[in-house]
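I have placed the structure first, in the form of structure tokens, so that the comments after it can refer back to it.
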Amino acid sequence: MTDTDVLVVGAGPVGLTLAAELRRHGVDCRIVDRLPDPQPHAKAIGIVPRTLEVWDTMGLVDRVLDEAVPHLGQIVYVDGKARPQVELTLPPEVPYPFATLPQCTTERLLTEHLARFGTEVERPVELQAVEVRPDAVQAVLAHPDGRTERLSARYVVGCDGAHSLVRKAAGLTFDGDALPELYMIGDVELDWELPAGYSMRSVNLDENGEMDDMLVCIPMGARRYWLSMLRPNDSQATPAAPDTGTDTGARTTTTAATTENSPTTPDDTTLGSGSGKGPDLGQIQAVLDRLAPEVTTASSLRWSSAFRTSHRLVDRYRNGRLFVAGDAAHINPPIGGQGLNTGVQDAHNLAWKLALVVRGLAAEELLDTYHAERHPVAQEMVNRTVQHARNVRQVGSGPLNGGAQAEMMLWRQAQLLVSYPDSPLTAAQTENRTAEAGPAAGHRAPDCRGLVSDLAAYPRRLFDLLRTPRHVLLLFAGPEHASGRGAEQLEACASAAQRAAHGLLDAYFITAADVPQDARPVGLRPSRVRDAAGEFRDAYAPQDGEAILIRPDGYVSGRFHPATPERVAEHLRHTFV
């Protein structure tokens, strides 16, 4: 008998996402954090479009959109001269843009979302030891009153950062290195007139064409910016501790500015290795005086940090009943907000799988797909951000500036190209599908609009149908399958799929726009929606009589044409017992 199904260690964005998703899937969990209060710092601020889609699925996105700031692009200067402006513009069928949101706000919104499920973060509660037994994990928790608690959980997930105790207990390696550049960051207000929603990047090059000075300013709201600068090699720059390649992660001493409303408070971050005092307003102003495109004054310094970036990746995401996610699994140069967003999607991938196994609806082997799917994603992300960090000295522009591959890079930065084509949960393709033929199995399920249902007087989005902890089966009916035997065949597919998924599956009968609305009796199951605007046809290129299965994390699990009850049910048995 265990005390809880899952113990989540660490209440940053990753741990909070995991806990909220476990609760949404009906699983009992506890989430603990060693800090007495959430940190009030904007450590990570970039939110990519795919993460907003994840929060849409979770039912959180509206509150995020109320507080986030659009990130429209980047204004670039090299040696004081303007370069082509970078636009972060995606096609209109992508529902959400790039955005910025201080990490402290992200954590507050996720904490409030988790509380709706009746679960609170336990603070300050520190994990001290972990012992894995055949049927459970014994964890030792230290409470602030000096009490020691022994907790039994079926699984433990370490979302406890670069120095993860869970990762150490699991015996996972965390190989990587530190980059040579020293950086400093600050959260300030600027009184300039640059266009709202645009970040600014200004660099100076030496005689060899390499960067020897840099300033990046990212908007976080009205006149508030997150500044990143090269750190001067002077008495203020405390050298980083030697990197042996075997350290468990990166540590930076962060100091809040000493202002009327911001007392100095040390804080551990995962931005880089080594330690040092963050810049004060005078040091930040000196960089602005050198590199800002117009005269501006920095004020209201909330916090600052000095760091050296590291890159590390675990060898495995799982060892038995122990898992890692987010910074406990991967750290990378803080470019494009990739680390936080990758961690949130780690949690989103793991939660529905843990829930099925905990509830006895899936075999333990399902949990192996967490590593199989997410480790390659983190590997690519770490390699890409490290490559850019190393190349930045040779180029005086942002990562998305010009070039034939700019559009592809933009989609990759948006994390819209993440896919699992080789996953054990992905059905083999029955035919060759081109990019024009809609998303293949293993790829992200895109949104579309203009779906009309029998009981709603307004158009719906496909994401409205996917906002569920269940699998979703979309059965497309053109003229041949809108009625008669064709419709009966699709209904038989839906029934077989729901049985194979133990009822944890929603099925929708999507009729083509040119099919008469009365071609199929109203009220017949599965639920009917009509592709009135033709956007589903454009996004998915479905064939008459095709079934498209979408996982709870918003990825296409399989496409079946012709759809038969046997094929759909057999594929679902890769997930469900």
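Below, the figures for the structure above:
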{"read-out": "Tally, over the range 308-322, of residues that are of a type outside the set (Asp, Glu) and within 12 Å of ARG374 (Cα to Cα)", "value": "5"}
{"read-out": "Residues (open to solvent by less than 60 Å² (accessible area, probe 1.4 Å), under 22 Å from the mean Cα position of the chain (by Cα) and under 23 Å from MET211 (Cβ atoms)) located in the range 75-96", "value": "LEU88"}
{"read-out": "Residue in the range 549-559 that is open to solvent by 30 Å² or more (accessible area, probe 1.4 Å) and in contact (Cβ under 8 Å) with a residue 24 or more places away in the chain present", "value": "no"}
{"read-out": "In the range 527-577, residue farthest from HIS481 (Cα to Cα) [restricted to those that are polar (S, T, N, Q) and assigned to a strand (DSSP E or B)]", "value": "SER557"}
{"read-out": "Residues within the range 129-170 that are under 28 Å from the mean Cα position of the chain (by Cα) and without any contact (Cβ under 8 Å) to a residue 60 or more places away in the chain, tallied", "value": "0"}
{"read-out": "Test result for ARG312, within 30 Å of LEU127 (Cβ to Cβ), in a loop (DSSP other than H, G, I, E, B), modelled with pLDDT of 95 or more and not aromatic (Phe, Trp, Tyr)", "value": "no"}
{"read-out": "Yes/no for ASP327 being under 30 Å from TYR370 (Cβ atoms) and outside any strand (DSSP E or B)", "value": "yes"}
{"read-out": "Residue tally, condition of a type outside the set (A, V, I, L, M), under 27 Å from the mean Cα position of the chain (by Cα) and assigned to a strand (DSSP E or B), over the range 448-478", "value": "2"}
{"read-out": "Unique match (being modelled with pLDDT of 95 or more and more than 25 Å from GLY343 (Cβ to Cβ)) among THR173, THR148", "value": "THR148"}
{"read-out": "Tabulated pairs, the range 198-219, first without any contact (Cβ under 8 Å) to a residue 24 or more places away in the chain, second outside any strand (DSSP E or B) and open to solvent by less than 20 Å² (accessible area, probe 1.4 Å), C-beta under 9 angstrom, 6+ apart or interchain", "value": "VAL216/GLY398"}
{"read-out": "Considering residues of the range 293-311 that are small (Gly, Ala, Ser) and within 30 Å of VAL382 (Cα to Cα) only, the residue surrounded by the most Cβ atoms within 10 Å (Cβ to Cβ)", "value": "ALA306"}
{"read-out": "Residue match in the range 108-126 (condition: surrounded by 18 or more Cβ atoms within 10 Å (Cβ to Cβ), within 16 Å of the chain's Cα centre (by Cα) and either in a helix (DSSP H, G or I) or not β-branched (Val, Ile, Thr) (or both))", "value": "yes"}
{"read-out": "Cβ pairs under 9 Å, 6+ apart, first in the range 59-70 and without any contact (Cβ under 8 Å) to a residue 40 or more places away in the chain and farther than 8 Å from ALA99 by Cβ, second assigned to a helix (DSSP H, G or I) and open to solvent by 80 Å² or more (accessible area, probe 1.4 Å)", "value": "none"}
{"read-out": "Residue within the range 2-9 that is of a type in the set (Ser, Thr, Tyr), open to solvent by 10 Å² or more (accessible area, probe 1.4 Å) and under 24 Å from VAL140 (Cα atoms) present", "value": "yes"}
{"read-out": "Out of ALA500, ALA494, ALA539, sole residue that is within 21 Å of GLU566 (Cα to Cα), in contact with a Pro (Cβ under 6 Å, 6 or more places away or on another chain), among the aliphatic types (A, V, I, L, M) and modelled with pLDDT of 95 or more", "value": "ALA494"}
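One line per residue, one yes/no per condition, for (1) under 14 Å from MET220 (Cα atoms); (2) hydroxyl-bearing (Ser, Thr, Tyr); (3) crowded, with 19+ Cβ neighbours inside 10 Å:
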{"site": "ALA162", "(1), (2), (3)": "no, no, yes"}
{"site": "THR173", "(1), (2), (3)": "no, yes, no"}
{"site": "GLY176", "(1), (2), (3)": "no, no, yes"}
{"site": "GLU181", "(1), (2), (3)": "no, no, no"}
{"site": "GLU189", "(1), (2), (3)": "yes, no, no"}
{"site": "GLU193", "(1), (2), (3)": "no, no, no"}
{"site": "ALA196", "(1), (2), (3)": "yes, no, no"}
{"site": "SER202", "(1), (2), (3)": "no, yes, yes"}
{"site": "ASP206", "(1), (2), (3)": "no, no, no"}
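Conditions tested, residue by residue: (1) out of contact with any Ser or Thr (no Cβ under 8 Å at 6 or more places or on another chain); (2) farther than 17 Å from LEU141 by Cα; (3) open to solvent by less than 20 Å² (accessible area, probe 1.4 Å).
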residue	(1), (2), (3)
GLU21	yes, yes, yes
VAL27	yes, yes, yes
ILE45	no, yes, yes
LEU52	yes, yes, yes
GLY59	yes, yes, no
ASP62	yes, yes, no
GLU67	no, yes, no
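The values are calculated or read from the model by the stated rules, or taken from the named source; none is laboratory data. Note that the structure is predicted; figures quoted are calculated from it, not measured. Counting neighbours? That spans all protein chains shown, and the Cβs are built from the backbone with ideal geometry, glycine included. Please note that ligands, DNA and RNA were not included when accessible areas were found on the heavy atoms of the full protein model with its side chains. Shrake-Rupley method; radii C 1.70, N 1.55, O 1.52, S 1.80 Å.
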